[in-house]
Each structure stands twice: as C-alpha cells, then as structure tokens.
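Reviewing the structure listed below.
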C-alpha cells in the first residue's frame with residue numbers, strides 16, 4: 001500500500017474541524033479540491049484516515065479522493081518533518097552535482113523525495129530552482145540555505161539539526 | 001433537427017447527437033476503443049477522431065455534438081494517420097504476448113491494430129512499471145495490457161456503484177488501481193466481474209481454475225461431480241458461433257460427459273432446494289413477525305456488498321446458502337451417502353456465469369468440508385471444450401444425471417433478474433394461500449430489465465409487496481430506505497449484475513455488448529423463460545426428486561438437518577483493510 005507508514009496522529013479536535021468544514025462544502029459543486037486543500041492545511045498531509053473522512057462526508061469514493069491526491073503535486077501523502085530539506089535539482093545545481101548530494105541525503109535518511117523519516121524529524125523534497133544559482137548546488141533546511149554543498153558535507157549538517165532535536 | 005454533411009453525404013439528426021452516432025446513422029462506423037455508451041463517454045483514447053471543416057484540430061467523434069451546417073470527414077489521410085499513430089503509441093508499452101493472451105482474436109485493440117495496419121514496434125520507448133494484482137480468488141488485473149480506457153472504472157462506479165478502482169497518479173505514471181494502490185482483496189470490491197466484460201484487452205481476467213479441474217479429472221482417486229448454473233446454457237453457444245439466445249443445455253450435458261466428469265448434474269435442481277428453504281423462511285418471517293423485508297441471498301456479489309456496506313441489514317438477509325453452495329453440500333453429504341462415497345473423495349465443480357462465485361466457493365463448509373472445490377466460468381468451460389476438441393455445435397443432446405439433475409421451471413429462471421423472486425413466489429404463495437388453486441403460476445410483473453421493479457399481491461386477504469433490484473448501483477437507495485424503516489416491502493430480490501446472472505461477469509465477452517447490451521440480456525433471459533414455459537413441473541415444491549430427498553435425508557424445509565446443510569450466517573466485514 002502506498003502512502004505514509006507512520007502511525008496516524010490526528011486529534012479529535014482536527015477531525016471535528018474537518019468534518020465541520022466538509023459539511024459546509026458538501027452542497028457546493030466541485031467541493032473535493034477545496035476540501036482536500038483544507039485538510040492538507042489542517043494535517044500537513046493527506047493520510048489514509050483523512051482521505052476516508054473526506055470520501056465519507058462528501059459521498060464520493062475513496063478512489064476519487066486518492067486519484068485527485070496523486071494527480072496534483074500540491075497534495076502530499078506524507079507528512080513534512082520538523083526540518084524540511086529541499087535539494088535543488090534545477091539545471092545549475094544539477095550540472096554542479098546536486099544529484100550526488102540528493103543520493104547521499106536519500107542514503108543517510110532512508111527516504112526519498114516526498115517522504116518523511118519515522119521520527120518525523122526530516123522530510124526530503126527534490127525541488128526545482130530555488131533562485132540562487134550562483135551558490136549551486138543548493139540545499140535548504142527550513143529557512144537555512146546551504147550553498148556549494150558537497151556530498152561529504154551532508155552528514156555534519158544533519159547532525160546539527162539532530163542535536164537540536 | 002440538425003442538418004450536416006458527413007463525407008459530403010447529407011445527414012439529419014436530432015440535437016445532442018454525437019458525430020459518432022450521426023455517422024453510424026448513415027452506415028459509417030467510426031472506430032472506438034474507450035467509448036461505452038451511457039457509462040463512459042470520456043473521449044480518452046482519441047481513436048475516434050474525425051476532421052471538421054474549419055477546425056484546426058481533430059475532434060473525438062464519440063463526444064463531439066453534431067451542429068447545424070457542419071462538414072465532417074471521417075476518412076481523410078490526416079484522420080487515418082492520426083488513428084494509426086494513436087494505436088501505435090498505445091501499443092508501444094503494451095505487453096504484446098498476443099499469441100498466448102486469453103483475449104487473442106477477441107481483443108478490440110488487436111482488431112483495430114490489424115484494421116489500421118499498425119506497426120506494433122514503431123515506438124519502442126520507455127516502459128511503465130506495471131501493477132499486477134492477483135490478490136482475490138476471482139480476478140486478475142494485469143496492467144501491462146491496460147490501455148487506460150477507463151471503462152472498468154466507469155462500470156465499477158457508475159453501473160455498479162462500487163467504485164473501488166480509479167486512475168492513480170498522472171502523466172506516464174497514470175495507472176488504474178485501487179486507492180493507495182491497495183490490493184483488490186482489501187477493498188469493498190464485490191467480485192461481479194463487470195469490469196472484465198467491458199475490458200477491450202486482456203488486462204482483466206478471471207482467475208482461472210481450469211487447471212485444478214483438469215487435475216481432479218485426471219486423478220483416479222477423485223469422484224468428480226459437476227453442476228452448471230441456469231445462465232450457462234443461455235450463453236455458452238455464443239462462443240461456438242451459434243446465435244445469441246440459443247439454449248444448449250442438452251449439448252452441455254454431453255460435453256461435460258465427454259470431458260470426463262463422473263456425474264453431470266444441474267444447479268437448477270439446487271435452485272429448487274434454495275426456493276424450498278427461502279420460501280419457507282419468508283413464510284415463517286411473515287407469520288411469526290420476523291425481520292422484514294427479507295433480502296435474497298443467492299448472489300455472492302450482493303452478499304459481499306451488504307457485508308461491507310450495510311452490516312446493520314444482515315438480519316434482513318435470508319440465511320439460505322446460494323444454489324451453488326447448496327449444490328456442493330447436497331453432493332458431498334447426501335449424494336455421497338446415497339452412493340457410499342466419502343466426501344473426501346468427492347470433488348465438486350460448478351460452472352457459473354459469475355466471477356464472484358469463485359470467491360463464494362470457500363465461504364461455507366459443512367462438517368469440515370468446503371461445499372464446492374472449483375468454480376469455472378462459462379468462458380472457462382468454453383476454453384476447456386475447445387482445448388479438448390469438443391465441438392459443442394455438433395454434439396447430440398443428452399439429459400443430466402439423477403437425482404440432482406431433475407428440476408422445475410422455477411429453478412430454470414433463477415438466472416434472469418426477477419427469476420428468484422418469481423420462483424419463490426410460486427412456492428410461497430402456494431403455502432400462504434389456503435386454496436392452492438388460487439395461487440398464480442406466473443408473476444410477470446417482476447420480469448424485465450428495469451433496474452428496480454416492484455409489485456404487490458394479495459395473498460390470503462393480505463397484501464405482499466415485493467421489489468426486484470438488478471445492477472448494484474440501484475440497491476443502495478433501497479438499503480438506505482430499509483435502514484430508515486421506510487420500506488414497506490416484505491421481500492426484495494437483489495442481483496448484482498444488470499439483467500441478472502445471464503449478464504454475469506463470467507459470461508462470454510462480446511465487443512458488441514457495448515452497444516447491444518439490452519438485446520443480449522433479453523435474448524439470454526428469454527432462453528430461460530422459454531425453457532420454463534415448456535416444462536411440466538414449474539414449481540420447485542413439485543420437483544419429485546427434491547421431495548424424495550427431503551423425505552429420505554433432510555426432513556422438513558428449514559428444519560434441523562436443512563439448517564445444517566442448506567443455511568449459513570453472514571458477518572459484517574470492514575470496507576477497506578489498511579495494511
């Protein structure tokens with residue numbers, strides 16, 4: 001089965017809010033997209049449990065919800081970590097070796113683009129150009145930017161954030 | 001009316017007519033691959049493109065409406081070339097094991113590829129990674145042959161109201177699968193197999209059991225007994241180039257003997273047992289204030305549906321096993337006793353128009369023995385005959401063996417929507433009506449292809465209201481009404497497939513079914529009603545073999561032994577199973 005293997009940690013408050021919103025949206029045509037956008041904002045991602053609630057309340061099949069969730073790149077089946085790592089695979093970064101950095105990140109974290117580590121500390125996204133090609137290759141962690149990065153730098157950077165917890 | 005020209009020929013059509021229909025009305029067939037009238041009209045495959053004067057791009061004829069003054073061309077070099085390229089692109093990552101494919105010579109993609117003189121290796125580019133799902137007992141999805149036409153998705157959702165498959169992801173990664181790419185076995189799929197019947201290629205197939213049947217036939221230690229459902233005789237002939245609506249039951253009996261089965265029985269007979277039990281159960285519920293309305297329980301797709309979607313209605317479900325499971329139990333525990341054969345040595349095979357029956361075979365056990373050992377579809381019986389060189393069209397007729405080959409006309413009509421209801425009423429009304437001479441024989445109000453039929457009868461001064469539902473999409477509203485306590489029916493028949501078992505997911509696949517569904521359903525149902533009409537015994541309780549078996553081995557209908565052999569109970573099941 002695709003999707004996050006992390007245990008679902010939604011709260012009853014979140015569920016109440018979601019169901020309330022879905023009830024408001026129910027009667028409007030084309031409610032599915034705004035409903036899913038709201039849910040993603042609320043939970044940070046669209047796990048199985050949340051998609052089931054959306055399907056149930058809007059009286060659509062789970063297949064339809066999942067189809068939309070996997071069609072649009074704005075939706076994610078995986079939560080984001082406390083530290084969101086972005087590695088730029090845009091042209092300038094790529095020709096300067098960002099693929100090697102990306103490979104190293106995947107190897108060290110045991111996840112691939114779009115996924116999140118089991119401790120929810122790190123999530124990884126292969127991104128397009130982040131707008132500072134002069135520093136290529138570029139890696140970002142939340143708002144911190146690391147330029148001219150080499151695969152051997154990655155371990156120390158990750159350790160720094162791990163220490164912060 | 002709108003007037004337009006197609007290939008310079010004037011055409012007059014009603015507003016709202018598509019270019020596809022307009023062309024067809026003057027005898028021009030525009031090819032289609034994804035189109036499924038009334039169910040899937042997406043224009044996804046682009047095989048039906050035509051040229052319209054004044055428009056830059058080609059349009060999909062299947063969805064483009066005819067307009068006043070339009071000039072349409074269906075066969076310009078540009079159109080033909082576009083169709084050819086489209087088919088070649090579809091073929092580019094299609095697994096081309098055509099010679100050994102189940103659908104060889106009966107494949108819509110193959111036919112079109114041939115018609116447009118396509119080069120199947122022209123675009124030898126990237127290949128997708130394919131989902132192969134064989135998680136259920138009844139169906140295999142092999143996406144390496146899927147052309148993304150989405151007919152299966154549309155039939156599952158719009159015709160059956162089930163909706164367990166969809167198009168996941170996008171672009172080149174698009175594939176048809178269950179949500180979260182779950183295995184089909186972990187979803188509320190009911191197993192009806194309607195998706196197989198509309199698949200233009202070999203991407204969807206039943207899970208074959210021919211091999212196990214052949215092994216049993218070759219095993220001298222096994223006594224192999226076969227029975228076939230009513231609907232099989234109404235459709236098998238089609239696979240041997242006989243016209244739709246040919247009854248071939250006599251030839252089936254001969255063919256099954258040629259194949260080496262030790263006894264050839266008829267599931268019509270166990271359908272009579274089902275009616276005895278179901279009618280008595282209904283009468284008892286009506287007389288003793290039991291849970292009403294009572295739902296029929298013959299259809300395994302419906303059972304799957306109610307268990308997963310309406311568990312609160314399980315008390316409304318008849319506790320009778322289906323005719324297939326009753327057949328197995330009767331063979332292993334009554335026939336075995338009569339003949340002195342240990343149930344261990346008996347191998348019970350049924351031939352069914354249905355894929356869900358494959359899932360049903362291990363649903364019930366009696367005394368530790370599975371009631372049925374192998375289930376093959378009408379299509380598989382056809383393959384088995386062909387593999388063994390049995391020319392069905394040249395065979396002489398023969399009779400089924402006794403005692404489980406004797407049946408009434410009531411058992412015969414089980415395969416058509418309304419048939420179970422009519423058969424049950426023939427017996428139930430006879431029990432309820434103090435003057436049996438007043439009990440009618442035919443209940444024609446419940447016949448026909450409407451999705452929901454209802455009728456009322458006055459029996460012994462009381463009103464009995466019944467409903468007949470076919471096509472699972474029609475059942476949800478009735479179930480909701482029963483849940484709310486707003487239903488005043490006493491008895492409701494449900495068949496998963498539109499038209500009933502004659503249109504089941506195990507019946508012969510015909511490309512023409514896309515266009516002539518109602519005609520095919522009516523012709524097949526007519527086989528059963530005509531056979532019923534020609535019979536002397538038309539009520540289940542008048543079946544002499546059945547009466548003797550009750551007297552010698554079972555006792556009263558719905559009695560203790562009957563419950564052990566012929567009844568079961570149902571449990572609520574989760575809709576989805578998250579792994």
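Quick one: which of B:578, B:517, B:483 is within 14 Å of chain A (Cβ to nearest Cβ) and either in contact with a strand residue (DSSP E or B) (Cβ under 6 Å, 6 or more places away or on another chain) or under 23 Å from residue B:163 (Cα atoms) (or both)?
Details: B:517 fails: within 14 Å of chain A (Cβ to nearest Cβ); B:483 fails: within 14 Å of chain A (Cβ to nearest Cβ).
B:578 is the lone residue from the list that is within 14 Å of chain A (Cβ to nearest Cβ) and either in contact with a strand residue (DSSP E or B) (Cβ under 6 Å, 6 or more places away or on another chain) or under 23 Å from residue B:163 (Cα atoms) (or both).
In the condition set (1) in contact with a helix residue (DSSP H, G or I) (Cβ under 6 Å, 6 or more places away or on another chain); (2) assigned to a strand (DSSP E or B), residue B:508 is compliant with all but (2).
With respect to (1) at pLDDT below 95; (2) surrounded by 13 or more Cβ atoms within 10 Å (Cβ to Cβ), the lone exception for residue B:38 is condition (2). One residue alone among A:70, A:5 is crowded, with 21+ Cβ neighbours inside 10 Å, within 14 Å of chain B (Cβ to nearest Cβ) and closer than 30 Å to residue A:138 by Cα, and that residue is A:70. When residue A:36 is tested against (1) outside the structural domain of residue A:146 (by TED's automatic domain parsing); (2) surrounded by fewer than 18 Cβ atoms within 10 Å (Cβ to Cβ), only condition (2) is not met.
Taking the criterion of being closer than 30 Å to residue B:315 by Cβ and either in contact (Cβ under 8 Å) with a residue 24 or more places away in the chain or not assigned by TED's automatic domain parsing to the domain that holds residue B:355 (or both), would at least one residue in region B:528-539 satisfy it? Steps first, please.
Residues of region B:528-539 closer than 30 Å to residue B:315 by Cβ: B:539.
So of that shortlist, the ones also either in contact (Cβ under 8 Å) with a residue 24 or more places away in the chain or not assigned by TED's automatic domain parsing to the domain that holds residue B:355 (or both) come out as B:539.
Checked region B:528-539: at least one residue is closer than 30 Å to residue B:315 by Cβ and either in contact (Cβ under 8 Å) with a residue 24 or more places away in the chain or not assigned by TED's automatic domain parsing to the domain that holds residue B:355 (or both).
Does residue A:13 fit the bill of being without any contact (Cβ under 8 Å) to a residue 40 or more places away in the chain, away from chain B (no Cβ under 14 Å) and farther than 30 Å from residue B:476 by Cα? So that I can check it myself, show each step before the final result.
Values: without any contact (Cβ under 8 Å) to a residue 40 or more places away in the chain: yes; away from chain B (no Cβ under 14 Å): yes; farther than 30 Å from residue B:476 by Cα: yes.
Against the criterion (without any contact (Cβ under 8 Å) to a residue 40 or more places away in the chain, away from chain B (no Cβ under 14 Å) and farther than 30 Å from residue B:476 by Cα), residue A:13 qualifies.
Screening residue B:422 on (1) part of a loop (DSSP other than H, G, I, E, B); (2) under 29 Å from the mean Cα position of the chain (by Cα) shows it passes everything except condition (1).
Would you check which residues across region B:406-451 are at positive phi and touching a helix residue (DSSP H, G or I) at 6+ places or on another chain (Cβ under 7 Å) and list them? Matches in region B:406-451: B:418 only.
Residue-level check: of (1) within 11 Å of chain A (Cβ to nearest Cβ); (2) surrounded by 15 or more Cβ atoms within 10 Å (Cβ to Cβ), residue B:120 misses just (1).
Which helices (runs of 4 or more DSSP H) sit wholly inside region B:316-370 and have at least 2 residues that are surrounded by fewer than 20 Cβ atoms within 10 Å (Cβ to Cβ)?
Helices (runs of 4 or more DSSP H) meeting the threshold: B:336-339.
Taking region B:220-230, which residues are surrounded by fewer than 24 Cβ atoms within 10 Å (Cβ to Cβ) and in contact (Cβ under 8 Å) with a residue 24 or more places away in the chain? Walk me through it before giving the result.
If we filter region B:220-230 for residues that are surrounded by fewer than 24 Cβ atoms within 10 Å (Cβ to Cβ), which is where we start, we get B:220-224.
Within region B:220-230, B:221, B:222, B:223, B:224 meet the criteria.
Taking helices (runs of 4 or more DSSP H) as the structural unit, those lying wholly within region B:150-230 and holding at least 2 residues that are more than 17 Å from the chain's Cα centre (by Cα) correspond to B:210-218. One residue alone among A:102, A:78, A:45, A:94 is under 19 Å from the mean Cα position of the chain (by Cα) and in a helix (DSSP H, G or I), and that residue is A:102.
Do the conditions hold for residue B:191, that is, is it at positive phi, away from chain A (no Cβ under 14 Å) and in contact with a strand residue (DSSP E or B) (Cβ under 9 Å, 6 or more places away or on another chain)? So that I can check it myself, show each step before the final result.
Numbers: at positive phi: yes; away from chain A (no Cβ under 14 Å): yes; in contact with a strand residue (DSSP E or B) (Cβ under 9 Å, 6 or more places away or on another chain): yes.
Against the criterion (at positive phi, away from chain A (no Cβ under 14 Å) and in contact with a strand residue (DSSP E or B) (Cβ under 9 Å, 6 or more places away or on another chain)), residue B:191 qualifies.
Go through B:120, B:113 for me and flag whichever is part of a loop (DSSP other than H, G, I, E, B), over 18 Å from residue B:575 (Cβ atoms), touching a residue at least 24 places away in the same chain (Cβ under 8 Å) and in contact with a helix residue (DSSP H, G or I) (Cβ under 9 Å, 6 or more places away or on another chain).
Numbers: B:113 fails: part of a loop (DSSP other than H, G, I, E, B).
Matching residue, one of B:120, B:113: B:120.
Condition first: surrounded by 14 or more Cβ atoms within 10 Å (Cβ to Cβ) and farther than 30 Å from residue B:208 by Cα. Now tell me which residues in region B:89-117 satisfy that. Answer for region B:89-117, where residues must be surrounded by 14 or more Cβ atoms within 10 Å (Cβ to Cβ) and farther than 30 Å from residue B:208 by Cα: B:89, B:116.
Can you tell me which residue in region B:151-177 is nearest to the other protein chains (Cβ to nearest Cβ), limited to those that are farther than 25 Å from residue B:353 by Cβ and touching a residue at least 12 places away in the same chain (Cβ under 8 Å)? Before you say what the answer is, go through the steps one by one.
Quick first cut of region B:151-177, residues farther than 25 Å from residue B:353 by Cβ only: B:166-175, B:177.
Those left that are additionally touching a residue at least 12 places away in the same chain (Cβ under 8 Å): B:166-168, B:172-175, B:177.
Numbers: B:166: 3, B:167: 6, B:168: 5, B:172: 13, B:173: 9, B:174: 9, B:175: 10, B:177: 9 Å.
Once the filter is applied, the top-ranked residue is B:166.
Restricting attention to region A:39-67, the residues that are within 25 Å of residue A:117 (Cα to Cα), surrounded by 19 or more Cβ atoms within 10 Å (Cβ to Cβ), at the interface with another protein chain (Cβ under 9 Å from one of its Cβ atoms) and free of Cβ contacts under 8 Å to residues at least 24 places away in the same chain total 3.
Just to be sure, is residue A:24 over 16 Å from the mean Cα position of the chain (by Cα) and within 14 Å of chain B (Cβ to nearest Cβ)? Reasoning before the result, please.
On the way: over 16 Å from the mean Cα position of the chain (by Cα): yes; within 14 Å of chain B (Cβ to nearest Cβ): no.
Answer is no for this residue.
The values are calculated or read from the model by the stated rules, or taken from the named source; none is laboratory data. What you are looking at is a predicted structure, and each value in this text was computed from that prediction instead of being measured. Quick reminder, even Gly has a Cβ in these numbers, built from the backbone with ideal geometry, and neighbours come from all protein chains shown.
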